[in-house]
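What follows is calculated from the coordinates using simple rules that are stated; it is not laboratory data. Remember, it's a predicted structure, so these values are computed and weren't measured experimentally. Quick reminder, even Gly has a Cβ in these numbers, built from the backbone with ideal geometry, and neighbours come from all protein chains shown.
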Amino acid sequence: MTRSPYFQMARSAALPAVAILIIGYFASSALLGQNGVFALGGYKAELARKTEMLRRAEAYRDTLRHRAQLLDPAHVDSDYGDELVRKTTGQVRPDEVIIPRN
């Protein structure tokens, strides 16, 4: 019994068809996937946002470092120490103005 020519043609084309499907799957993942080429714009925007957050955190850290240096036990800035103590304990007179340091 001979097989039909359609069955033989389908059988010989099965392996290349599967290979093309696998290549197509990986190509679509490379373009459209979570880490694909089209996701690159989102990564750039996230990088810019995180860079801005880092800049603000470093500025805040520098401010805290400066305040810590002003309160160093070896040489305390008397004006800053007095300001902190009076502000914390509520000993500011109504006619006084405290100018906060940024």
inquiry  = If you filter region 55-102 for trypsin sites (Lys or Arg not before Pro), then keep DSSP loop positions with at most 12 other Cβ within 10 Å, what is left?
reply    = Arg101
task = On a 0 to 90° scale, report how tilted helix 40-70 is relative to the longest principal axis of the chain, with both axes built from alpha carbons and the result rounded to the nearest 10.
result = 20
query = Where the centre of each part is set by its Cα atoms, how far does region 32-52 sit from region 61-86, in angstrom?
reply = 41
Extension gain (nm, one decimal) between Ala59 and Glu46, 0.36 nm per residue minus Cα-Cα = 2.7 nm
request  = Enumerate the calculated ³J(HN,Hα) couplings along region 11-18 in order (Karplus 6.51 cos²θ - 1.76 cosθ + 1.60, θ = phi - 60°), each rounded to whole Hz, writing x wherever the residue is Gly or Pro.
outcome  = 5, 6, 8, 5, 5, x, 5, 5
